[in-house]
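The values are calculated or read from the model by the stated rules, or taken from the named source; none is laboratory data. Values in this document were obtained by computation on a predicted structure and should not be read as measured data. Note: ideal-geometry Cβ built from the backbone for every residue, glycine included; neighbour counts use all protein chains shown. When the accessible area is computed, the model is the full protein with side chains, heavy atoms only, and any ligands, DNA or RNA have been set aside. Shrake-Rupley method; radii C 1.70, N 1.55, O 1.52, S 1.80 Å.
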Amino acid sequence: MAEPVVRVPDAKVALSTASVYPESTATAFEIAARLGYDGVEVMVWTDPVSQDIEALRRLSDYHRIPILAVHAPCLLITQRVWSTDPWVKLQRAKAAAEKLDASTVVVHPPFRWQRQYARDFVDGIWRMADETDVRFAVENMYPWRYRDREMLAYAPDWDVTKDDYRHFTVDLSHTATARTDALDMVDRMGDRLGHVHLADGRGSAKDEHLVPGRGTQPCAELLERLATTGFDGHVVIEVNTRRAMSGAEREADLAEALAFTRLHLASAVGAKRP
C-alpha cells in the first residue's frame, strides 16, 4: 500500500478586516501581509478607508496582498454607509469588487423591518448575480435572543438554505449562535457553498467569533471536508480580537487562526494501491 499523500485544496485563506477591530482597515492589510495570509476580505463599515476603492487599491498594491472579497455594509452600524438604500449598497459593493478584482460579495439577508427589500431580496440577488462574474454569497445569520425570548430579526429567514440563492457563505460563529448543526447546514448548501467565514463559538446568545478551536463548532471537520470536495471559494478568518491587550496579542490570535486553518485544510488522502 502506498503511503497517504497530503492534498491541499486551491482555497485561499484570507483575513477579514473586521478581525482587527477596533484597529483600522489599513492595519488589517499590514497584519495579513506580515503573517502570510493569501488575501483580505474588506468589511465595508464606518472606517472611510473601507469605503474608498482607490485607497483600498493602494493598500493592496503597497502590501502586495490581493482583495479577495468585499463584505457589503449590512450591519446595524452601517445603515448609512454607501446610501440608506440597500440595493444601492449592493450595487456599490459589486462595483467595488469588480474594480478591485475581488471574486465575492458577501451579503446578509435583510432585517425584517426592511419589508420591501426583504420581499424582493431573493429575486433581486439573482438579478444582480446575472449581471456580473462576482459571486453574491448570502450569509447565514441567527435568531436574536434575550434571556428566554427569541426574535426573528432577518427575512426571508436567518437560515438562508430555506431560500434559493446561487451562492452561500457559511459562518460558523453564526451557526453557534443559532444553535444549529453547522455540517448539516453545509450539506444543505451543497455545491452552492462559495465562501466560508471561519470562526468558533460556544452557543452563546452573543455572536462570539472566537479563534477556531476555542469553541464547540466543527471548524476542523469543515476544513477537512473542504479539502476533499473540490471547494473553490475562499476561507476567511473573521474573529473578534477586541479583547486583545496589545497588538502583539492580537497578532498571536490571528497567527493561531491561520495556522489552524492551514493545518486542517491539508487533508491526508490515501493513495491507490500500486
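D for the stretch 148-191, whole µm²/s, Stokes-Einstein with Kirkwood Rh over alpha-carbon pairs at 37 °C and 0.692 mPa s: what number?
This corresponds to a translational diffusion coefficient of 289 µm²/s.
What relative contact order, as a whole-number percentage, does the stretch 49-161 give when Cα pairs under 8 Å and 6 or more residues apart are counted?
23 percent
Within the set of other residues whose C-beta is less than 9 Å from the C-beta of residue 167, count the net charge using Lys and Arg as +1 and Asp and Glu as -1.
Residues near residue 167 contribute +3 overall.
So for the chain, taking the charge dipole from beta-carbon charges (+1 Lys/Arg, -1 Asp/Glu), which of 39, 152, 172 sits furthest toward the positive end?
152
Share of the stretch 118-274's accessible area from carbon and sulfur, percent, 1.4 Å?
Carbon and sulfur: 48 percent of the exposed surface of the stretch 118-274.
Using the Cα centre of the chain as origin and beta-carbon charges of +1 (Lys, Arg) and -1 (Asp, Glu), tell me which of 28, 104, 132 is placed farthest towards the positive end of the dipole.
Checked the options; the winner is 28.
So how strong a dipole does the chain carry about its Cα centre when Lys and Arg Cβ are +1 and Asp and Glu Cβ are -1, to the nearest 20 debye?
In debye, rounded to 20, the chain gives about 300.
Would you mind listing how long the chain runs along its three principal axes, going by Cα atoms, in whole Å with the largest first?
61, 41, 41
For residue 171, what residues show an amide H to amide H distance below 5 Å, using hydrogens built from the backbone and excluding near sequence neighbours?
Excluding prolines and chain starts, which carry no amide H, the hits are 140, 197.
Report the FRET efficiency, 1/(1 + (r/R0)^6), for residue 75 and residue 266, where r is their Cβ-Cβ distance and R0 is 22 Å, rounded to 0.05.
Efficiency for this residue pair is about 0.05.
Each residue of the stretch 203-210 in order: what ³J(HN,Hα) in whole Hz does its phi give by Karplus 6.51 cos²θ - 1.76 cosθ + 1.60, θ = phi - 60°, with x for Gly and Pro?
Whole-Hz 3J(HN,Hα) from phi for the stretch 203-210: x, 5, 5, 8, 6, 7, 6, 7.
Whole angstrom only: what separates the Cα centroid of the stretch 130-175 from the Cα centroid of the stretch 53-107?
Between the Cα centre of the stretch 130-175 and that of the stretch 53-107, the gap is 19 Å.
So what is the accessible area of the chain per residue, in Å², with the probe set to 1.4 Å?
47 Å²
Given C-alpha coordinates of the stretch 195-257, what is the ratio Rg to Rh with the Kirkwood estimate of Rh?
Answer for the stretch 195-257: 1.01.
Pick out which of 35, 15, 258 has the largest mean-square fluctuation in a Gaussian network model of the chain, springs linking Cα atoms closer than 10 Å.
35
Which net charge results when you count Lys and Arg as +1 and Asp and Glu as -1 among the other residues whose beta-carbon is under 15 Å from that of residue 88?
Summing Lys and Arg as +1 and Asp and Glu as -1 gives +2.
State which helices in the chain qualify, where a helix is a whole DSSP H run, it must extend 24 Å or more along its own axis by its Cα atoms, and its mean Kyte-Doolittle hydropathy must be at least -1.0.
Taking the DSSP H segments of the chain (at least 24 Å long, mean hydropathy at least -1.0), we get 247-265.
Take every DSSP beta bridge with both residues inside the chain and express the antiparallel ones as a percent of the total, to the nearest 5.
Around 20 percent antiparallel, to the nearest 5.
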